[in-house]
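Q: Quick one: structure below, then a few questions.
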Amino acid sequence: MVVSHRQEVMRRARFEFGANWSRFLSVLNEQRIAQAEESLRSYLGVTDLTGQRFLDVGSGSGLFSLAARRLGATVHSFDFDPQSVACTRELRSRYFPNDDQWVVEEASVLDREYLANLGTFDVVYSWGVLHHTGAMWKALGNVARLPAANGRLFIAIYNDQGWVSQYWLKVKQVYARNVLLRWLVLLGHAPYLFGVRFLVRAATGRLDLERGMSLWYDMIDWVGGYPFEVARPEEIFYFYRERGLRLTRLKTNAGRHGCNEFVLTRFEIPGGDADRLQGSSQ
């Protein structure tokens, strides 16, 4: 049984990602959308996604669903957070009103019955989502089933920094569980997470974040983002190799906090072993 989003928020066991994304939409512009499109083209090694089925697992603001649709894909978006679903529907309404090639639903990546009814996709995209489910390895296993033959899985997972990751886990727990302390937690970390990053990026001409993101809302997401789990790059590599997915692109964050990015491709295993290996994720 999948616990509802409202139940998790009421128990103060979850950051309200959708509320942060709804504020992000106020700064969304054509430049950010173009950056998101370029991110997809670059990582997937394509010029467009015409004729491709694109699944956005944890669509958040809806920006990358929008980018995929503008690149020609048929898009299916879903998110666990109702406000994220509302954000994605808002972008569909703005840019693709009455479009039957873009479906937006509220659902959980931990719901295997829901996922089983979706079928398979040419591109399964889940950037910075699966480590926020509270059951990361189950979520990673669930999405392994979704790429079609020669389909790709594009995910980003927080890097395991040992004690540093444990520190951030405690910060996120305090933020989630103590409403009155949230601004203190945020302001206490802003000089490093926002101020220093802003100055470094301004000095190097990289003030705009990659992928069309916002430095301010990215900081809030990082401080508050709970549940929070991490993994080493090799753990992700071996986990998916056992499930019939080959690593075709990797970008690590050079040991810093943040996400390592993976593109993995479904390959066929002789003798029907692919089904056996997928079954091992149950």
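The values are calculated or read from the model by the stated rules, or taken from the named source; none is laboratory data. None of the values given here were measured: they were computed from a predicted structure. Every residue, glycine among them, receives a Cβ derived from its backbone with ideal geometry; neighbour counts consider all protein chains shown.
Q: For segment 42-76, give me the residue count where each residue is free of Cβ contacts under 8 Å to residues at least 60 places away in the same chain, in contact with a Lys or Arg (Cβ under 8 Å, 6 or more places away or on another chain), crowded, with 18+ Cβ neighbours inside 10 Å and among the hydroxyl-bearing types (Ser, Thr, Tyr).
A: 2
Q: Name the one entry in Leu63, Leu40, Leu25, Leu55 that is under 16 Å from Ser214 (Cα atoms), at pLDDT 95 or above and in the same structural domain as Phe262 (by TED's automatic domain parsing).
A: So the residue among Leu63, Leu40, Leu25, Leu55 that is under 16 Å from Ser214 (Cα atoms), at pLDDT 95 or above and in the same structural domain as Phe262 (by TED's automatic domain parsing) is Leu63.
Q: Quick check on segment 232-266: of everything there that is β-branched (Val, Ile, Thr) and over 15 Å from Asn150 (Cα atoms), which residue is surrounded by the most Cβ atoms within 10 Å (Cβ to Cβ)?
A: Ile236
So that you can scan it fast, the table gives a plain yes or no per residue for (1) touching a His at 6+ places or on another chain (Cβ under 8 Å); (2) on the phi < 0 side of the Ramachandran plot; (3) at pLDDT below 95; (4) hydrophobic (A, V, I, L, M, F, W, C):
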site: Gln7; (1), (2), (3), (4): no, yes, yes, no
site: Ala19; (1), (2), (3), (4): no, yes, yes, yes
site: Gly72; (1), (2), (3), (4): no, no, no, no
site: Gln83; (1), (2), (3), (4): no, yes, no, no
site: Thr88; (1), (2), (3), (4): no, yes, no, no
site: Asn98; (1), (2), (3), (4): no, no, yes, no
site: Glu105; (1), (2), (3), (4): yes, yes, no, no
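Q: For Arg12, indicate whether it is assigned by TED's automatic domain parsing to the domain that holds Thr265 and more than 25 Å from Arg177 (Cα to Cα).
A: No; evaluated as a whole, the condition is false for this residue.
Q: Any residue in segment 109-120 that is within 23 Å of Val230 (Cβ to Cβ), touching a Pro at 6+ places or on another chain (Cβ under 8 Å) and modelled with pLDDT of 95 or more?
A: Checked segment 109-120: no residue is within 23 Å of Val230 (Cβ to Cβ), touching a Pro at 6+ places or on another chain (Cβ under 8 Å) and modelled with pLDDT of 95 or more.
Q: Of the residues that sit in segment 81-115 and are touching a residue at least 60 places away in the same chain (Cβ under 8 Å) and among the hydroxyl-bearing types (Ser, Thr, Tyr), which one is nearest to Met136 (Cα to Cα)?
A: Ser108
Q: Taking the condition of being surrounded by fewer than 21 Cβ atoms within 10 Å (Cβ to Cβ) and either more than 16 Å from the chain's Cα centre (by Cα) or of a type in the set (A, V, I, L, M, F, W, C) (or both), how many residues in segment 12-21 meet it?
A: 3
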